[in-house]
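The values are calculated or read from the model by the stated rules, or taken from the named source; none is laboratory data. Everything quoted here is computed from the prediction, not taken from an experiment. Note that we place each Cβ from the backbone using ideal geometry, even for glycine, and neighbour counts take in every protein chain shown.
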Amino acid sequence: STLVRSLVKKRVPLQMGRMCYSSVPSTKLFIDGKFVESKSSDWLDIHNPATNEVIGRVPKATQEEMLAAVDSCSQAYKTWSETSVLARQQIFFRYQQLIKDNIKELAKLITLEQGKTLADAEGDVFRGLQVVEHTCSVTSLMLGETLPSLTKDMDTYTYRLPIGVCAGIAPFNFPAMIPLWMFPMGMVCGNTYLLKPSERVPGCAMLLAKLLQDAGAPDGTLNVIHGQHDAVNFICDHPAIKAISFVGSNQAGEYIYERGSKNGKRVQSNMGAKNHGVVMPDANKENTLNQLVGAAFGAAGQRCMALSTAILIGEARDWLPELVERAKSLRVNAGDQPGADVGPLISPQAKERVNSLIQTGVEEGAKVLLDGRDVKVKGYENGNFVGPTIIGNVTTDMTCYKEEIFGPVLVVLEAESLDDAIEIVNSNPYGNGTAIFTTNGAAARKYSHEVDVGQIGVNVPIPVPLPMFSFTGSRGSFRGDTNFYGKQGIQFYTQIKTITSQWKAEDATLKSPAVTMPT
Ligand code: NAD
């Protein structure tokens with residue numbers, strides 16, 4: 001990370017309004033193959049969520065810098081799009097090895113800036129690495145189609161071709177995995193790429209960019225800019241950018257989808273969620289309770305596929321006290337501390353928001369069965385910690401049910417039957433993920449078929465598909481036509497050219513012009 005950051009002097013306020021100079025690393029821009037210091041006068045602090053210490057700063061790139069980055073992408077596209085698919089594939093073979101070699105370093109950066117535990121941070125890198133590994137199948141994935149002899153001597157075939165400069169706008173919660181859903185898929189297809197990582201966790205993306213350069217990606221094939229709204233608007237508006245991949249909140253995702261689409265770009269927008277885990281009374285109790293607790297509180301609930309809502313059916317309602325006991329046993333600590341299960345939330349604002357959503361439950365008649373609001377973590381008293389929290393007696397009209405909490409909070413609803421549970425899930429506007437826990441195949445099948453959610457787990461709590469499939473969130477969790485990675489991802493990052501050719505034998509030459517529509 002010292003390669004992609006540099007120590008700079010920065011004025012920081014002291015008590016009583018005095019100012020002093022202190023040194024914090026500044027995040028570079030990656031433009032045309034060089035890690036450059038931004039000339040911006042507008043910078044944001046990066047915090048360690050376990051302590052709230054300022055650990056670095058990130059620029060809001062200037063218009064000039066953003067233009068330089070997209071121009072670099074446009075220039076590089078001319079040669080990269082013509083580079084042989086085998087040469088592109090080789091770069092990604094080297095890239096996947098470099099990610100494996102640097103997984104610990106990448107994970108450390110994630111834990112430092114994002115807060116999740118080191119083991120979970122390695123999982124974050126690993127799930128992104130799997131997408132990179134999948135891009136190495138580009139020679140099969142980019143195959144076109146042919147149909148010979150459509151009519152006499154006539155054949156039709158299609159090519160799958162890149163579309164130009166593409167851009168990715170990433171969220172804070174998966175600093176490695178989500179950028180790796182984006183630029184490797186786009187670039188292996190022959191596009192060049194402009195990435196805007198989350199301004200809260202830019203370090204990991206910068207190391208990923210460095211590793212891609214080391215793997216042999218030519219200058220300009222990947223550019224990285226930083227910033228917030230101005231950078232996002234720039235991406236939505238610049239005419240050279242043909243496609244945008246976005247992952248993040250609904251507020252930003254709907255906006256980017258609309259603004260990008262209006263400007264004629266392809267946009268795929270993965271957004272927020274409220275994922276339900278439906279527990280049938282015939283489920284394997286031990287397994288189900290452990291899976292629920294892991295999926296609700298892992299990564300401090302800051303996963304778009306976290307199981308944030310449980311629906312207990314029939315006698316499974318009696319399992320609630322045991323669920324609470326298991327959640328209580330999780331250890332809340334800084335992500336780099338041995339044995340930590342639940343790390344801090346990303347910011348004091350996120351902590352405050354989560355705490356106030358828990359409070360709405362209290363005020364609206366729910367029952368807080370396990371309250372993590374006043375958790376104290378020794379040695380990390382300033383961190384953004386919230387302990388595992390379980391809210392029972394929740395109904396669908398309550399704020400804590402309707403809002404995506406994005407914290408270590410499990411809200412628990414009860415239902416009489418599977419039909420009632422399906423009704424609840426289908427009435428919720430989000431459609432990212434869900435899981436059913438049961439030993440009854442017919443119940444599992446009924447649920448999978450009737451529930452209107454894009455990703456369903458049967459005894460699998462977090463059913464994020466591997467990259468040979470696609471990430472298929474639906475309804476309020478997705479805007480666009482083609483999903484991330486897998487075949488859908490290749491479709492998003494390519495366009496089709498269809499060639500119809502006729503090579504006639506000489507004696508079949510047309511004797512006069514054919515003016516009717518050929519049939
Ligand atoms: P966010 O929307 O705040 O930020 C995502 C990106 O958008 C960042 O790069 C940010 O700079 C930019 N941005 C933020 N607000 C914006 C605005 N008003 N206008 C334009 N751009 C804006 O999201 P986050 O807090 O970083 O991430 C958490 C959210 O992401 C949760 O809602 C979570 O469910 C969602 N998420 C979804 C998926 C998925 O695949 N469906 C995966 C991960 C996270």
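Before moving on, here are some points about what is shown:
- Within region 440-464, being more than 11 Å from the ligand (Cβ to nearest atom) and under 17 Å from the mean Cα position of the chain (by Cα) holds for 462, 463.
- Count of region 343-365 residues which are small (Gly, Ala, Ser) and in a helix (DSSP H, G or I): 3
- Taken together, 71, 45 contain a single residue that is modelled with pLDDT of 95 or more, surrounded by fewer than 19 Cβ atoms within 10 Å (Cβ to Cβ), within 28 Å of the chain's Cα centre (by Cα) and assigned to a strand (DSSP E or B), which is 45.
- Some residue of region 285-304 being within 10 Å of the ligand (Cβ to nearest atom) and either of a type in the set (D, E, K, R) or not in a loop (DSSP other than H, G, I, E, B) (or both): yes
- Residue satisfying condition, being within 9 Å of the ligand (Cβ to nearest atom) and either of a type in the set (Gly, Ala, Ser) or modelled with pLDDT of 95 or more (or both), within set 200, 266: 200
- So residue 167, is it within 30 Å of residue 347 (Cβ to Cβ), small (Gly, Ala, Ser) and surrounded by fewer than 19 Cβ atoms within 10 Å (Cβ to Cβ): no
- Scope region 254-278; condition in contact (Cβ under 8 Å) with a residue 12 or more places away in the chain and among the acidic types (Asp, Glu); matching residues: 254
- Yes/no for residue 317 being among the basic types (Lys, Arg) and in contact with a strand residue (DSSP E or B) (Cβ under 6 Å, 6 or more places away or on another chain): yes
- Residues that are touching a residue at least 40 places away in the same chain (Cβ under 8 Å) and in contact with a Ser or Thr (Cβ under 8 Å, 6 or more places away or on another chain) within region 34-71 comprise 38, 46, 47, 49, 56, 57, 58, 59, 60, 61, 65, listed in sequence order.
- Checking residue 281 against (1) within 16 Å of the ligand (Cβ to nearest atom); (2) in contact with an Asp or Glu (Cβ under 7 Å, 6 or more places away or on another chain), the condition it does not meet: (1)
- Among the residues of region 305-329, those that are closer than 28 Å to residue 114 by Cβ and either in contact (Cβ under 8 Å) with a residue 40 or more places away in the chain or within 16 Å of the ligand (Cβ to nearest atom) (or both) comprise 305, 306, 307, 308, 309, 310, 323, 324, 327, 328.
- Scanning region 224-255 for residues that are farther than 27 Å from residue 211 by Cα, surrounded by fewer than 21 Cβ atoms within 10 Å (Cβ to Cβ), near the ligand (Cβ under 7 Å from one of its atoms) and not aliphatic (A, V, I, L, M) turns up 229, 249, 250, 251, 255.
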